[in-house]
Protein chains: 2
Amino acid sequence: MAPRNQTSPLVTDLYELTMAAAFLARGMNTTATFSLFSRRQPDRPYFVAAGLEFVLDFLETFAFAEEDTQYLRSSGLFEGTFIDFLEALRFTGDVWAMDEGTLFFPDEPVLEVTAPLIQAQLIEPILINAIGLHTMLATKAARCVQAAGGRGLIDFSLRRTQGVDAALAAARSSYLAGFQATSNVMAGKRYAIPVTGTMAHSFIQAFDRESEAFAAYAETFPQRTVLLVDTYDTIQGVLSAIPLARKMEAAGHPLVGIRLDSGDMVDLSRRARALLDEAGLAKVQIFASGGFDEFRIADVLSRGAAIDAFGMGTKVGVSADVPFTEMVYKLVRYRDRDVCKHSPGKVTLAGEKQVFRRMNPGGELKEDIIGCRQERPPVDTRALLHPVMERGRRTTPAPSLARIRETFRGELPKLPVKFRQLVPPAGAYPVRISRQLRALQPKAAPQG
Amino acid sequence: MAPRNQTSPLVTDLYELTMAAAFLARGMNTTATFSLFSRRQPDRPYFVAAGLEFVLDFLETFAFAEEDTQYLRSSGLFEGTFIDFLEALRFTGDVWAMDEGTLFFPDEPVLEVTAPLIQAQLIEPILINAIGLHTMLATKAARCVQAAGGRGLIDFSLRRTQGVDAALAAARSSYLAGFQATSNVMAGKRYAIPVTGTMAHSFIQAFDRESEAFAAYAETFPQRTVLLVDTYDTIQGVLSAIPLARKMEAAGHPLVGIRLDSGDMVDLSRRARALLDEAGLAKVQIFASGGFDEFRIADVLSRGAAIDAFGMGTKVGVSADVPFTEMVYKLVRYRDRDVCKHSPGKVTLAGEKQVFRRMNPGGELKEDIIGCRQERPPVDTRALLHPVMERGRRTTPAPSLARIRETFRGELPKLPVKFRQLVPPAGAYPVRISRQLRALQPKAAPQG
């Protein structure tokens, strides 16, 4: 597949470039390792790894365009020799990472970069941004999938995401986490995600009568009609849909469903279900949209809503309750020296790492151990970080999104229920530090 | 300026295309008007209009690429005649809008599109997304500018925004609202925003001693050094910075400042200030970063923090307390008929509109009146919506961001203080509906 991410390396913080210039001036460009991990977030007891493919696309095509270096020259901030260096710069490092769709926990590195210091430093903002965004969205979507208990979920977030690339990320990450489809046509094209969608209120309003609008739509799309029934009065809308649904049934292309987009979803869905059932339309599904997230899905289902599938918009597309991750990218090794940082409340573990996962005999996750990359794996554990890029090239072709999704389908059920409740438990999933990694830390103590 | 937004029209919801196909099949493509406005949001008493330039770029270059129509053909959803129609489609409509940097309020249209129904419908998701994102970020930034009371603010949000588009939008919108600079180099290039930034913790860690790192940086960038002092121990860091600052002063290129990024900002900033002042370094500024938003700025300043400028990251870049707008785009007129929608809690005013603003004699905003576009302006009011695009072309060239920023600088002080407090007042800024617009509404009542 062609690279999908053409992000310029100029999408970086100025301090990455000023640091690089200072490093270069002193010939400080030997190998460094940075760890990417999330700090603890109270409302997110677990994370779903996502965004790796974007990072690998970015690194494989890393190069400053001429207009970018021209801008830097004209800025007057840098010497010509530094800009010449940037012009020739490519990413030649190694990356270890968890597969997309892997569950992970706070403090666990989801990715590590080992590269000449300047390269490893310059890519920091994009790595944090891409892995942070995709992981945040995949995690939010996984919570919705769990709340929906097998009902279908569709991504409707395009209009309210924070930009177009966020919309594409929302479609991809939510499909990865188990959504069935997206309304975003570009995401459908780019990631081979099923696209769905039928009509908005404006469609109904463009006709003199609601029933005319319904009939017109069904005529053009007999195979895939879902009627939006709440433009004027929801129950009236359902009553208008029923005769058409009968006609469609008789003609051999039954109505797929109706959609509710406002009002009391529990009451309206039950009344709509009863009306449809009485009319012999038990197979007509009820879709619901408008302000849903995992909490509201759980709420309406617990109160007996008769909803078959949910359209998920704003609150999922921006992860409204937790709209950012605490993802950070920290230097852990430089010039054969393991390094760490000790600012109050912000401790980083020194050294190149591995995450080892131990399962219960029943197949559930038991505990994770953050260890040294080179240590012998503890018995009965599986290492989660793999070499995914060597000397600037992917070690294997990008897996399809469908395959990543299939992998993730098996992951979430392995997490003990108490760690995946919507309101998180007091206790966190057990993540230990190995003895060997712990032993490394004092040697890397701060220096005055 | 060359178009900056190359967003494909395929970035749309599938239902926009299915509705379009149904409209086309019936020859329903006469002129429609849609209004873009925000519904009421409790924590946002006012909004700062932004994003118009992106919308105009998108509309001026609106065209489906061949690979996009190819995808639609291969989807099997549409008839060939419809896709032929899309291939030839350009945007030929009119747009009325408020200038970027205009204050506006819930229910007021910030933009209206009048175009053949299908065009006006297809562009819906991008319009809501772009105006919503930029407006949300400019509004958040304006709140920070107000809280900072004249102190400098710098956008540091790149790594934590929801994608790269959002990062560029955050840099642009915050500069529009009064920030002084951004760390985002690409935003600096694209929008001619000043870029700043010096060093991260990893820079300090790459040296054996903090003081070596400081000296190395100052040697490379003598004119613009800000030393990050909290990698190991903040007060120790300040003490390491002082001898270097004296040397720099003596050499004629004084240290610009120090930066605190963790810990108790009130206590540390006051202690740092005292140490610097005692050392005769009263001109060395104190920068602070790490988790700031308008609330935390107000808090630390009220407790006497000695901070000269703030780096604004995550919470501003994602507008963390209100991470989305309730922006909607509603059909208000079609085929000489004013239309509206009456779902519970979601009422839309029918008809093409204008927003009239009345000022107090003292130059403060007094009230707004939402009226009909064609009505005579009420006395002593100013109309906020202008024709910005006619038959698919801009009516005037895009204004520079610097000019928009200059305009906005005068706007916020005109809003009475009670409507721009951080914790919003019980009462909302007065927005009335004109008699003429009100008279229009019954005629557009729902039809069964």
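Would you confirm, using the coordinates I've provided, whether A:Asp57 is surrounded by fewer than 23 Cβ atoms within 10 Å (Cβ to Cβ), more than 12 Å from chain B (Cβ to nearest Cβ), within 25 Å of the chain's Cα centre (by Cα) and within 30 Å of A:Lys418 (Cα to Cα)? Break it down into steps so the answer makes sense when it comes.
Values: surrounded by fewer than 23 Cβ atoms within 10 Å (Cβ to Cβ): yes; more than 12 Å from chain B (Cβ to nearest Cβ): yes; within 25 Å of the chain's Cα centre (by Cα): yes; within 30 Å of A:Lys418 (Cα to Cα): no.
Here the answer is no, as A:Asp57 does not meet what is asked.
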The number of residues in the range A:216-244 that are farther than 16 Å from A:Ala279 by Cβ, at the interface with chain B (Cβ under 7 Å from one of its Cβ atoms) and either outside any loop (DSSP other than H, G, I, E, B) or in contact (Cβ under 8 Å) with a residue 60 or more places away in the chain (or both) is 3
Within the range A:307-319, residues being touching an Asp or Glu at 6+ places or on another chain (Cβ under 7 Å) and more than 10 Å from chain B (Cβ to nearest Cβ) number 2
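Mind listing whichever residues of the range A:281-308 are of a type in the set (D, E, K, R) and outside any loop (DSSP other than H, G, I, E, B)? So that I can check it myself, show each step before the final result.
Within the range A:281-308, the subset of a type in the set (D, E, K, R) is A:283, A:293-294, A:296, A:299, A:303, A:308.
Correct list: A:Glu294, A:Arg296, A:Asp299.
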One residue is enough: does the range A:15-33 have a residue meeting the conditions β-branched (Val, Ile, Thr), assigned to a loop (DSSP other than H, G, I, E, B) and in contact (Cβ under 8 Å) with a residue 24 or more places away in the chain? yes
Per the list (1) farther than 30 Å from A:Leu89 by Cβ; (2) away from every other protein chain (no Cβ under 12 Å); (3) out of contact with any Lys or Arg (no Cβ under 7 Å at 6 or more places or on another chain); (4) not hydroxyl-bearing (Ser, Thr, Tyr), residue check on A:Ala115 breaks on (1)
Going through the range A:6-16 in order, the residues found to be within 7 Å of another protein chain (Cβ to nearest Cβ) and more than 11 Å from B:Ala200 (Cα to Cα) are A:Thr7, A:Ser8, A:Leu10, A:Val11, A:Thr12
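This table checks each residue for (1) outside any loop (DSSP other than H, G, I, E, B); (2) within 14 Å of chain A (Cβ to nearest Cβ); (3) farther than 25 Å from B:His386 by Cα; (4) not aliphatic (A, V, I, L, M).
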{"site": "B:Gln70", "(1), (2), (3), (4)": "yes, yes, yes, yes"}
{"site": "B:Phe78", "(1), (2), (3), (4)": "no, yes, yes, yes"}
{"site": "B:Glu87", "(1), (2), (3), (4)": "yes, no, yes, yes"}
{"site": "B:Thr92", "(1), (2), (3), (4)": "no, no, no, yes"}
{"site": "B:Asp99", "(1), (2), (3), (4)": "no, no, no, yes"}
{"site": "B:Pro106", "(1), (2), (3), (4)": "no, no, no, yes"}
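Does A:Ile123 qualify as being within 14 Å of another protein chain (Cβ to nearest Cβ) and in contact with a Pro (Cβ under 8 Å, 6 or more places away or on another chain)? Break it down into steps so the answer makes sense when it comes.
Values: within 14 Å of another protein chain (Cβ to nearest Cβ): yes; in contact with a Pro (Cβ under 8 Å, 6 or more places away or on another chain): yes.
In short, yes.
Assess whether A:Val322 counts as being at the interface with another protein chain (Cβ under 10 Å from one of its Cβ atoms), part of a loop (DSSP other than H, G, I, E, B) and surrounded by fewer than 22 Cβ atoms within 10 Å (Cβ to Cβ).
Working: at the interface with another protein chain (Cβ under 10 Å from one of its Cβ atoms): yes; part of a loop (DSSP other than H, G, I, E, B): yes; surrounded by fewer than 22 Cβ atoms within 10 Å (Cβ to Cβ): yes.
Yes; evaluated as a whole, the condition is true for this residue.
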Given the condition surrounded by 13 or more Cβ atoms within 10 Å (Cβ to Cβ), modelled with pLDDT under 95 and away from chain A (no Cβ under 14 Å), answer yes or no: does some residue in the range B:380-398 qualify? yes
Among the candidates A:Val339, A:Val347, residue that is at pLDDT below 95, over 30 Å from A:Cys144 (Cα atoms), surrounded by fewer than 20 Cβ atoms within 10 Å (Cβ to Cβ) and among the β-branched types (Val, Ile, Thr): A:Val347
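Yes or no: A:Leu228 over 30 Å from A:Ala169 (Cα atoms) and crowded, with 23+ Cβ neighbours inside 10 Å? Let's see the steps before the verdict.
Numbers: over 30 Å from A:Ala169 (Cα atoms): no; crowded, with 23+ Cβ neighbours inside 10 Å: yes.
The answer is no for A:Leu228.
Test A:Ala274 against the criterion of being without any contact (Cβ under 8 Å) to a residue 40 or more places away in the chain and surrounded by 15 or more Cβ atoms within 10 Å (Cβ to Cβ), and give yes or no. Lay out the reasoning, then the answer.
Details: without any contact (Cβ under 8 Å) to a residue 40 or more places away in the chain: yes; surrounded by 15 or more Cβ atoms within 10 Å (Cβ to Cβ): no.
So A:Ala274 does not fit the description; no.
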Here the residues within the range A:363-396 that are part of a loop (DSSP other than H, G, I, E, B), within 24 Å of A:Phe91 (Cβ to Cβ) and touching a residue at least 24 places away in the same chain (Cβ under 8 Å) are A:Arg373, A:Leu384, A:Leu385, A:Arg391, A:Gly392
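Could you check the range A:265-276 and list, in sequence order, the residues that are farther than 21 Å from A:Leu153 by Cβ and either under 38 Å from the mean Cα position of the chain (by Cα) or in a loop (DSSP other than H, G, I, E, B) (or both)?
Taking the range A:265-276 and keeping what is farther than 21 Å from A:Leu153 by Cβ, we get A:267, A:271, A:274-276.
If the condition is that a residue be farther than 21 Å from A:Leu153 by Cβ and either under 38 Å from the mean Cα position of the chain (by Cα) or in a loop (DSSP other than H, G, I, E, B) (or both), then A:Asp267, A:Arg271, A:Ala274, A:Leu276 are the ones that fit.
From the list A:Val110, A:Val185, exactly one residue is out of contact with any Lys or Arg (no Cβ under 7 Å at 6 or more places or on another chain), crowded, with 23+ Cβ neighbours inside 10 Å and farther than 30 Å from A:Asp308 by Cβ. Which is it? Give the derivation first.
Values: A:Val185 fails: farther than 30 Å from A:Asp308 by Cβ.
So the residue among A:Val110, A:Val185 that is out of contact with any Lys or Arg (no Cβ under 7 Å at 6 or more places or on another chain), crowded, with 23+ Cβ neighbours inside 10 Å and farther than 30 Å from A:Asp308 by Cβ is A:Val110.
Out of the range B:39-66, which residues are part of a helix (DSSP H, G or I) and in contact with a Ser or Thr (Cβ under 9 Å, 6 or more places away or on another chain)? Lay out the reasoning, then the answer.
Residues of the range B:39-66 that are part of a helix (DSSP H, G or I), as a first pass: B:52-60, B:66.
Those that are part of a helix (DSSP H, G or I) and in contact with a Ser or Thr (Cβ under 9 Å, 6 or more places away or on another chain): B:Phe54, B:Asp57, B:Phe58.
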Positions within the range B:190-209 being more than 7 Å from chain A (Cβ to nearest Cβ) and farther than 19 Å from B:Ala169 by Cβ, in sequence order: B:Ile204, B:Phe207
Give the range A:168-183 a look and list any residue that's facing chain B (nearest Cβ under 7 Å) and closer than 13 Å to B:Pro125 by Cβ, or say none. A:Ser183
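Could you check how many residues of the range B:114-161 are of a type in the set (D, E, K, R) and either at pLDDT below 95 or in a strand (DSSP E or B) (or both)? Full working, then the answer.
We begin by selecting, within the range B:114-161, every residue of a type in the set (D, E, K, R); these are B:124, B:140, B:143, B:151, B:155, B:159-160.
If we keep only those that are either at pLDDT below 95 or in a strand (DSSP E or B) (or both) too, we end up with B:155.
Matching residues across the range B:114-161 total 1.
The values are calculated or read from the model by the stated rules, or taken from the named source; none is laboratory data. On a predicted model such as this, the values are computed, not experimentally measured, just so you know. Note that we place each Cβ from the backbone using ideal geometry, even for glycine, and neighbour counts take in every protein chain shown.
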